[in-house]
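Laboratory data are not the source of any read-out in this text; all were calculated from the coordinates shown. Computed from a predicted model, the values in this text were never measured in an experiment. Because the Cβ atoms are built from the backbone with ideal geometry, glycine has one as well, and the counts that use them run over all protein chains shown.
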Amino acid sequence: MMKKLIILTVVTALMSSCGLYGKYKPQQEVPENLYGEEVVATDSSSLADLSWREMFTDPQLQALIDTALVRNVDLKTIQLNVEQAEAAMIPAKLAYLPSIAVAPQGGYNYVAMNGGMTTKTYTAPASASWEIDIFGKLTSAKRKSQATLEQTRDYEQVVKTQLIAGVATTYYSLLMLDRQLEIAEQTEENWEQTVKTAQAMKKAGMMNEAGLAQTEATYYNICTTVLSLKEAINEAQNTLCLLLAQTPQKIERGSLDAAVLPENISLGVPVSVLSRRPDVRAAEHELEGAFYDTNKARASFYPQISLSGTAGWTNSVGSAILNPGKFIGSALLSILQPIFNKGALVANLKIMKANQEIALLNFQQSILKAGSEVNLALDKYQTAKAKSDYYAKQVSTLEVAEKSTKLLMKHGNTTYLEVLTAQATLLNAQLNQVSNKFVEIQSMIELYRALGGGQD
């Protein structure tokens with residue numbers, strides 16, 4: 001009768017579990033016009049398809065990125081987190097297997113009666129227990145652990161792509177500052193000679209005190225610009241050394257004029273962010289983990305079914321003192337049904353469902369963030385690209401204007417103040433041209449990262 005009752009209980013439990021346990025279905029849709037209404041992206045290929053070595057072909061930059069990927073502290077930390085998550089998977093996998101314990105015991109007794117008597121006893125039992133995962137509680141826990149592991153791996157890729165982009169951006173900022181310093185130092189030399197000329201003209205009565213003072217003031221301003229640029233270069237080198245986990249030192253580098261990045265900008269279809277963006281993947285794995293937490297909470301309402309048993313050898317089973325070893329064993333099927341803690345189970349289920357909704361909102365927000373970053377980076381790149389032509393024309397025009405004002409001054413048709421103004425305007429235009437070149441490169445790097453680039 002008891003056997004029939006147990007079988008009936010198990011069958012009933014199996015039937016009640018139908019439709020209880022489900023598997024997470026990956027997200028496959030993104031909002032329309034993810035990159036913006038004005039951006040049409042239909043190509044299957046993307047800038048992010050390029051490996052970072054194909055994206056950044058400067059050998060010195062490649063060497064710096066290689067060093068950062070090996071030495072960077074933040075990346076090492078997240079890699080250790082991945083190892084922890086991998087280790088955490090082991091208990092979840094072993095939960096499917098029975099737990100086995102062996103507890104051998106032995107004894108030696110002496111009884112001082114009728115000349116004394118000794119007895120030796122031993123017991124060598126082994127016990128095992130096995131929870132039957134009918135309602136998916138153990139499976140949900142295992143898959144939650146797997147989702148957490150994948151989420152941690154995605155975070156590792158997030159740190160890696162940010163590191164690559166950070167090294168590249170800082171590297172090109174150094175090239176920009178080098179070029180600006182070169183322009184400023186050349187201008188400083190020219191203006192030093194200009195000041196000497198102005199002083200001579202003042203003595204000859206060809207320039208008044210105000211004109212000389214203006215010339216000297218402009219020269220001193222250029223000198224401070226040179227010093228500021230040198231300071232900025234040192235700061236940029238220190239920033240890069242921190243990324244490389246190195247002490248402050250000079251960074252070997254190329255030149256801004258030799259910088260080459262891909263010309264063909266292809267965004268790829270918006271849905272590609274689901275697979276390419278590691279932060280989006282991490283957000284989805286968080287959602288997946290929350291899904292299995294909800295399943296686990298729901299499974300807690302149902303009985304916990306387990307098998308247990310013991311087996312072993314002993315010479316002490318209540319027979320004669322000097323009996324031979326005998327085998328003993330037992331088996332038990334247990335069904336644990338929660339009754340009095342239903343309120344706590346209901347509350348826990350509500351919490352898990354709320355967490356799942358929060359995870360869904362975070363995932364949706366990560367997609368919108370990705371689309372916004374692509375839109376901003378693309379607009380920034382296109383704007384800088386368009387400005388580059390105007391800066392080139394402006395610099396060319398100002399160079400002509402500067403030469404013209406110098407010639408006119410020699411013939412007495414213009415003042416030296418106009419020459420100073422032309423030279424100062426030319427310097428600012430040259431510096432702005434270099435800055436815009438860096439913005440163009442920087443926005444390209446950001447677009448590459450925003451599309452999910454940075455893979456090996």
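How much net charge surrounds P59 when only the other residues with a Cβ under 13 Å from the Cβ of P59 are counted, with Lys and Arg +1 and Asp and Glu -1? Walk me through the intermediate numbers first.
Values: positive: R53, R253; negative: D58, D66, E252.
Every neighbour counted, the sum reads -1.
In nm², what is the average projected area of the convex hull enclosing the Cα atoms of region 190-238?
Projected area, direction-averaged: 3.3 nm².
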Cα-based Rg of region 206-286 normalised by 2.2 N^0.38 Å, two decimals: 2.05
For region 354-456, diffusion coefficient by Stokes-Einstein and Kirkwood Rh (Cα), 20 °C, 1.002 mPa s, µm²/s: 125 µm²/s
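By average Cβ neighbour count within 10 Å, what is the ranking of 442-454, 419-431, 256-268 from highest down?
Working: 442-454: 24.1, 419-431: 18.8, 256-268: 14.2.
Order by mean packing, descending: 442-454, 419-431, 256-268.
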Virtual spin-label span in nm between T247 and A217, 7 Å along Cα→Cβ: 4.6 nm
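Would region 20-75 count as rounded, prolate or oblate if I go by the C-alpha gyration tensor, calling it rounded below 1.5 in a/c and otherwise prolate when a/b exceeds b/c, oblate otherwise?
Numbers: a/c = 3.25, a/b = 1.48, b/c = 2.19.
It is oblate, given that a/c is not under 1.5 and a/b is not larger than b/c.
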Convex hull of Cα atoms in region 258-297, direction-averaged projection (nm²): 4.0 nm²
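One-quarter of the Cα convex hull surface for region 152-213, in nm²?
Details: hull surface 23.0 nm².
Seen from a random direction, the Cα hull of region 152-213 projects 5.8 nm² on average.
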Difference of contour (0.36 nm per residue) and Cα-Cα distance, D389 to E182: 72.4 nm
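Taking neighbour counts of Cβ atoms within 10 Å as a proxy for exposure, in what order, fewest first, do D178, D379 appear?
Details: D178 18, D379 15.
If I rank by nearby Cβ atoms, fewest first, I get D379, D178.
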Two-decimal log10 I(q)/I(0) for region 128-236, as the Debye equation yields it once each C-alpha is a single scatterer, q = 0.18 Å⁻¹: -0.94
